[in-house]
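Structure record follows, encoded as structure tokens.
Every number in this text was worked out from the coordinates using simple rules, so none of it is lab data. Keep in mind that this is a model prediction, so the values were computed, not measured. Note that each Cβ is placed from the backbone with ideal geometry, even for glycine, and that neighbours are counted across all protein chains shown.
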Amino acid sequence: MAILKRKKIAENTKEIDQLDGFSSPDKLLILAKNNNLELKPLDVESLIRLLGIGLRIHPMDEQKSGYIKLEEGRWVIGVNSLQHPNRQRFTMGHEIGHFILHKDQIGDGIEDTLLFRASGFGEPGIEKEANEFAAKLLMPEFYFKQEIERFQGDIKAISRSMKLSSMAVSIRAQHLGYKVKNEI
Ligand SMILES: [Zn+2]
């Protein structure tokens with residue numbers, strides 16, 4: 001697969017000024033930067049700890065990606081250790097998305113199975129929102145554009161560099177207005 005030319009202007013980031021706390025991926029990236037975390041690619045495990053969230057990486061049923069749940073007053077993120085490390089990173093971003101966006105909607109927690117559906121980012125709702133949050137957190141536009149130029153649109157190379165799945169990279173590319181071509 002390869003990423004081809006742009007077809008629209010990129011999303012803007014003026015939401016940074018309009019949101020309080022750490023309610024957006026951009027704000028979390030500023031938090032990460034201020035705490036000297038690696039950004040390219042993001043040290044998402046350290047970010048989870050920085051947010052005061054517990055992290056457990058352990059084997060789960062193969063269709064499960066992870067969870068976030070409240071245990072004795074503390075939020076804990078779990079990630080399926082049997083999935084590819086790149087997939088695990090996206091799961092962490094997804095669960096952070098639930099933590100930031102959906103704490104008031106998910107009761108004691110939520111368990112995630114399929115992050116991606118055939119339609120790309122799935123049905124509207126909290127799963128789609130968490131996926132989009134993860135994509136913006138792990139593939140911020142400025143960094144993503146740099147990687148596209150650096151690797152001349154080679155999705156496999158970009159996904160290796162960003163430590164994410166090819167699927168996550170190609171969906172993000174499409175959301176940013178790039179065309180993705182499947183090569184035979
Ligand atoms: Zn979810």
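Wrap a convex hull around the Cα atoms of the range 29-184, take a quarter of its surface area, and give that in square nanometres.
9.6
Could you compute the net charge surrounding Tyr67? Neighbours are other residues with a C-beta less than 10 Å from the C-beta of Tyr67; K and R count +1, D and E count -1.
Net charge around Tyr67: 0.
Report the gain in length on full extension from Lys163 to Arg56: 0.36 nm times residue separation, minus Cα-Cα distance, nm rounded to one decimal.
36.6 nm is the gain from fully extending Lys163 to Arg56.
Between Lys128 and Glu71, what is the FRET efficiency for a Förster distance of 35 Å, r being their Cβ-Cβ separation, to the nearest 0.05?
0.85
Just to check, using Stokes-Einstein with a Kirkwood Rh over alpha carbon pairs, what's the diffusion coefficient of the range 31-89 at 10 °C and 1.306 mPa s in µm²/s?
Once the numbers are plugged in, D ends up at 128 µm²/s.
What full-extension length gain, to one decimal in nm, is calculated for Asp104 and Gln63 as 0.36 nm per residue of separation minus the Cα-Cα distance?
Extra length available between Asp104 and Gln63 comes to 12.2 nm.
Once you have the Cα-Cα distance between Ser46 and Gln174, take 0.36 nm times their residue separation minus that, and quote the gain in nm to one decimal.
Between Ser46 and Gln174, full extension yields an extra 43.2 nm.
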